[in-house]
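Undergrad: Before we start, here is the structure in question, set down as structure tokens.
The values are calculated or read from the model by the stated rules, or taken from the named source; none is laboratory data. The structure displayed is predicted, hence computed values, not measured ones. Cβ sites come from the backbone with ideal geometry, for glycine too, and all protein chains shown count toward neighbours. For the accessible areas, the whole protein counts, side chains as well, though only heavy atoms, and no ligand, DNA or RNA atoms are used. Shrake-Rupley method; radii C 1.70, N 1.55, O 1.52, S 1.80 Å.
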Amino acid sequence: MHPPIPFNKPFITGKEIEYISAAISNSGIAADGYFTRRCAELLSERFSIPKVLMTSSCTSALEMAALLCDLNGGDEVIMPSFTFVSTANAVVRCGAKPIFVDIRAETLNIDERLIEDSITSKTKAIFVVHYAGVSCEMDRIKGIAEKHGLVVVEDAAQGVNATYKGRALGSIGHLGAYSFHDTKNYVSGEGGALCVNDSRLVERAEIIRDKGTNRSQFFRGAVDKYTWVDEGSSFAPAEITCAFLLAQLEAMDEITVRRRAVYQFYLESLSPLAEQELLTIPTAPENCETNYHMFHILLNDMKTRDGLMAHLKHDGISAVFHYVPLHSSVMGRKYWQNGESLAITDDLSSRLLRLPFYADITTDEQARVVNSISEFLERPVSHSSRQ
Ligand SMILES: *Cc1c(COP(=O)(O)O)cnc(C)c1O
């Protein structure tokens, strides 16, 4: 029996311990020391983001974004239903209502052609999600937002180091949110960043991040004492988190090269099955460069997806489905009372399977995944015989 193949495994560069030791001997291990600054500078320079504020998670960054949108009770925010709960929670916590829009079949991203139909006088913002590190149609979305005076927030949790027309995801909307969670490309266990692309929002973003105080201005010498000036919370990460993260960000190119090879291997070895129309492999629009965040396949129906998932599990391979669409979740139904169906979201989420994907997965392990998939899909008998 072969050792099991996990779905995800964080890649360790080898420098993490050294940087954490340095953080400890530097003496301040709370927020905003050397490593926090270095991470923010690196992201800001590399991705041309005017202001990057490191946060304790992407969830925190999204919460800050929602506060910066000035959401109030009764306001509406447009977003896909096919996303992680944090996108919607950020909005709901401000008393606003998520308005779910269906996705495009090609990318599983919000369908920009449907956005305008959902805009009302209460709409304040559009929260887009770049699924699997492939960009939404940002030019079109920004055009709609401009026309209706809406704020654009990019949930770029999965999109760090991916681009749209040469621009980094997270740097395109008014605000962007990154994740460095264990399951993402570059990790610090938990961690995130808020990209502030609209300079008018920088000062308030710093205040919200620092418990509603103007402490950043105080440290810069702009005010002579610091005090409570706005709402806020404790959104900054500890230095040790950023020490770990800096090691990862410095190795971004190496990690990406490895992930690209993993992606290409799946793409090439699964394309014969795609040609036989037994599954669909991911594609990216021409102007979108992916960061190889994940490799997901679509099976022809839910029964085949569930059967294949069980078959892989039996072979010691962990492949997993993704989001329960928010509009059909326990919490989401409270906001989606008309019960309207989102046809593409419902269909694709029932047929999607994510394959084991991490920077140091071996080609032998990947070949085992591919063989197990082929064995299941190419068997002449009905797939249901396995269940
Ligand atoms: C992972 C993820 C998040 C949450 O990130 P955390 O850093 O764990 O808070 C939010 N949105 C999307 C789309 C994600 O994939």
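Undergrad: Calculate for the chain the 222 nm mean residue ellipticity that helices alone would give, adding -39,500 (n - 2.57) per DSSP H run of length 4 or more and normalising by residue count, nearest 500 deg cm²/dmol.
TA: Computed ellipticity for the chain at 222 nm equals -11500 deg cm²/dmol.
Undergrad: From largest accessible area down, sort Ser234, Ser60; use a 1.4 Å probe on the protein chains. The partial results should precede the final answer.
TA: On the way: Ser234 70, Ser60 10 Å².
Output order, biggest surface exposure first: Ser234, Ser60.
Undergrad: With a ≥ b ≥ c the root eigenvalues of the C-alpha gyration tensor of the chain, is it rounded (a/c under 1.5), prolate (a/b larger than b/c) or oblate?
TA: oblate
Undergrad: Between Ala284 and Ser374, what FRET efficiency comes out of the Förster formula 1/(1 + (r/R0)^6) with R0 = 41 Å and r the beta carbon distance, rounded to 0.05? Write down the numbers at each step before the final one.
TA: Details: r = 24 Å, r/R0 = 0.59.
Approximately 0.95, to the nearest 0.05.
Undergrad: Over the chain, what relative contact order in percent results from Cα pairs under 8 Å that are six or more residues apart?
TA: Over the chain, the number comes to 22 percent.
Undergrad: Quick check on my link table: of Lys9/Lys184; Lys211/Lys334; Lys122/Lys147; Lys147/Lys334, which ones sit more than 19 Å apart, alpha carbon to alpha carbon?
TA: In this structure, Lys211/Lys334; Lys147/Lys334 lie more than 19 Å apart at Cα.
Undergrad: Quick one: which of 12-24, 36-48, 178-190 comes out on top by average Cβ neighbours within 10 Å, and what's the full order, highest first?
TA: Values: 12-24: 15.5, 36-48: 17.6, 178-190: 22.6.
Packing proxy ranking, top to bottom: 178-190, 36-48, 12-24.
Undergrad: May I ask you to rank Asp198, Asp315, Asp301 by accessible area, largest first, using a 1.4 Å probe over the protein chains only?
TA: Asp301, Asp315, Asp198
Undergrad: Further question: Provide the net charge surrounding Leu201, with neighbours chosen by a C-beta distance below 12 Å and charges set as Lys +1, Arg +1, Asp -1, Glu -1.
TA: On the way: positive: Lys51, Arg200, Arg204, Arg209; negative: Asp70, Asp198, Glu203, Glu206.
Here the charged neighbours net out to 0.
Undergrad: A follow-up question, please. Roughly what angle does helix 239-250 make with the longest principal axis of the chain, taking Cα atoms, 0 to 90 degrees, to the nearest 10?
TA: Here the helix axis deviates by roughly 60 degrees.
Undergrad: Counting other Cβ atoms within 10 Å, which GluC sites (Glu not before Pro) in the range 293-387 have at most 11 and lie in a DSSP loop?
TA: Glu340, Glu378
Undergrad: Hey, if you drop one equal point scatterer on each alpha-carbon of the range 252-378 and run the Debye formula without solvent, what base-10 log of I(q)/I(0) do you get at q = 0.12, 0.18 Å⁻¹?
TA: Normalising to I(0) and taking log10 leaves -0.52, -1.02.
Undergrad: Extending each Cα 7 Å along its Cβ direction at Thr120 and Asp364, get the distance between those two points in nm, one decimal.
TA: About 5.9 nm separates the two model spin labels.
Undergrad: How large is ³J(HN,Hα), in whole Hz, for each residue of the range 126-133 in order, when computed from phi with the Karplus curve 6.51 cos²θ - 1.76 cosθ + 1.60 and θ = phi - 60°, using x for Gly and Pro?
TA: After applying 6.51 cos²θ - 1.76 cosθ + 1.60, I find 10, 9, 9, 10, 8, 6, 6, x Hz.
Undergrad: Please arrange Arg113, Arg259, Arg167 by accessible surface area, largest first, computed with a 1.4 Å probe and ligands excluded. Mind dumping the intermediate values first?
TA: On the way: Arg113 125, Arg259 10, Arg167 105 Å².
Solvent-accessible surface, decreasing: Arg113, Arg167, Arg259.
Undergrad: Can I ask one more? Just how far, in whole angstrom, is the range 3-54 from the range 253-324 if you go by their alpha carbon centroids?
TA: Here the two parts' Cα centres lie 29 Å apart.
Undergrad: Shifting gears a bit: Counting only protein heavy atoms and a 1.4 Å probe, tell me what percentage of the chain's accessible area is made up of carbon and sulfur.
TA: Its accessible area is 52 percent carbon and sulfur atoms.
Undergrad: So, for the range 252-378, what is the accessible surface per residue at a probe of 1.4 Å, expressed in square angstrom?
TA: With all protein chains present, the range 252-378 gives 46 Å² per residue.
Undergrad: Can you work out the PRE-style zone for Val202? Point 7 Å along Cα to Cβ, and I want the residues of the range 16-52 with backbone N under 17 Å.
TA: Those under the cut-off are 37-52.
Undergrad: Can you pull the one-decimal nm distance between simple spin-label points at Asn300 and Arg37, each 7 Å off the Cα toward Cβ?
TA: Each label point is offset 7 Å from its Cα along the Cβ direction, giving 6.1 nm.
Undergrad: If packing is taken as the mean number of other Cβ atoms within 10 Å per residue, what is the order of 152-165, 97-110, highest first?
TA: 152-165, 97-110
Undergrad: Whole-Hz Karplus ³J(HN,Hα) for the range 35-43, in order, using 6.51 cos²θ - 1.76 cosθ + 1.60 and θ = phi - 60°, x for Gly and Pro?
TA: Each residue of the range 35-43 in turn: 5, 4, 4, 4, 4, 5, 5, 4, 5 Hz.
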